[in-house]
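Heads up, the thing below is written out as structure tokens.
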């Protein structure tokens, strides 16, 4: 089967755009990615579009109405916070299968305000209000406190993740917030759900990102200078386990995906040069250091204390500023993470550039459950 390459990739600056429509936001990113690849919509053989909030609105087709209706097949997908990564993987799979040589993947979201989760339309006993809160801040606060119980992780260590990511964001012109947040400011901010203060929670923003994926044959034809190889593409759901689901396990899905991705790529976590992971909350980033094998279980607090995950450290994590600063438009995040890693592998990240970056990993997780991991390699 052919290797798959990212030939063009880009994202809009994340922010609040109440005057714009979802297809308008998606179209901007799509055109940016097409320009980056030196191609047009007429060159695309299929479109895969990820969006959560308007999942039934055929957003992909509406994008083509904005930038050119060429009659190509369009697939719309929704997969919680892994929506963008899922659209990217479907595009990757179609090339791997030999169906197409050039496809476009787009992720887009226009977010509201307030806490995610907690509503729940399912039958049975609801967690919210009866068995505890099902809102995302509460779920990941609970997961963080379980880590603290097992390993002695401190409030200060969780807060240092926010300090790091906000510092990284000051070097990213496409991040929503580009501000320094000293440790005391993070720790003294309004408490949302202990140990996550307001500055330790991801930002609800509007945004879009897109990527042009091509077969190896097409990449060689168009030029390999800036092409990035997709070494692994994995989507998982949670395996069955006997446990109390009043407290969702936010770890198993990622651990399963990480094992599969490393095996597919033929590498280990020690071979990575940078990681963009799903820091929906500071506690989540801490857990994912271990879930992705960046350190042994119980060592995540040490990693943040010793600066191993900061720019210039052993394995920089979320140099974009992460979801805590760049923002988290659910359907766009998976492809935005891919944009960030590709930018470093191309050596085009400016002052936040990870030196000599050759291999990077992107990770997103949507509770429910879905985890998407991609490993990308400089050509």
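Brief remarks on what is shown
- Scanning region 284-303 for residues that are surrounded by 18 or more Cβ atoms within 10 Å (Cβ to Cβ) and either in contact with a strand residue (DSSP E or B) (Cβ under 6 Å, 6 or more places away or on another chain) or over 24 Å from residue 372 (Cβ atoms) (or both) yields one hit, 301.
- Meets criteria (assigned to a helix (DSSP H, G or I) and under 20 Å from residue 175 (Cα atoms)) for residue 34: no
- Single unsatisfied condition, residue 195 versus (1) modelled with pLDDT of 95 or more; (2) buried (at least 24 other Cβ atoms within 10 Å of the Cβ); (3) closer than 22 Å to residue 363 by Cα: (3)
- Residues considered: 161, 72. Of these, the only one that is buried (at least 20 other Cβ atoms within 10 Å of the Cβ), at pLDDT 95 or above and either touching a strand residue (DSSP E or B) at 6+ places or on another chain (Cβ under 9 Å) or part of a loop (DSSP other than H, G, I, E, B) (or both) is 161.
- Across region 311-324, the qualifying residues are those that are surrounded by fewer than 22 Cβ atoms within 10 Å (Cβ to Cβ) and under 14 Å from residue 171 (Cα atoms), and the one among them that is farthest from the chain's Cα centre (by Cα) is 312.
- Taking the listed residues 378, 358, the one that is touching a helix residue (DSSP H, G or I) at 6+ places or on another chain (Cβ under 6 Å) and surrounded by fewer than 20 Cβ atoms within 10 Å (Cβ to Cβ) is 378, with no other qualifying.
- The residues listed here are 334, 327; of these, the one that is part of a helix (DSSP H, G or I), under 13 Å from the mean Cα position of the chain (by Cα) and buried (at least 24 other Cβ atoms within 10 Å of the Cβ) is 334.
- Total residues in region 78-109, condition surrounded by 24 or more Cβ atoms within 10 Å (Cβ to Cβ), outside any loop (DSSP other than H, G, I, E, B) and touching a helix residue (DSSP H, G or I) at 6+ places or on another chain (Cβ under 8 Å): 15
- Filter result for residue 39 (over 22 Å from residue 235 (Cα atoms), touching a residue at least 40 places away in the same chain (Cβ under 8 Å) and not in a helix (DSSP H, G or I)): yes
- Residue in region 178-196 that is under 30 Å from residue 90 (Cα atoms) and touching a residue at least 40 places away in the same chain (Cβ under 8 Å) present: no
- Test: residue 230 is at pLDDT below 95, within 30 Å of residue 47 (Cβ to Cβ) and buried (at least 16 other Cβ atoms within 10 Å of the Cβ): no
- Filtering region 250-271 to residues that are assigned to a loop (DSSP other than H, G, I, E, B) and either crowded, with 24+ Cβ neighbours inside 10 Å or at pLDDT below 95 (or both) leaves 250, 251.
- Residue, farthest from residue 169 (Cα to Cα), within region 347-368, restricted to residues that are outside any helix (DSSP H, G or I) and out of contact with any strand residue (DSSP E or B) (no Cβ under 7 Å at 6 or more places or on another chain): 368
The values are calculated or read from the model by the stated rules, or taken from the named source; none is laboratory data. Note that the structure is a prediction, hence the values are computed from the model and not measured. Neighbour counts run over all protein chains shown; Cβ positions are idealised from the backbone, glycine included.
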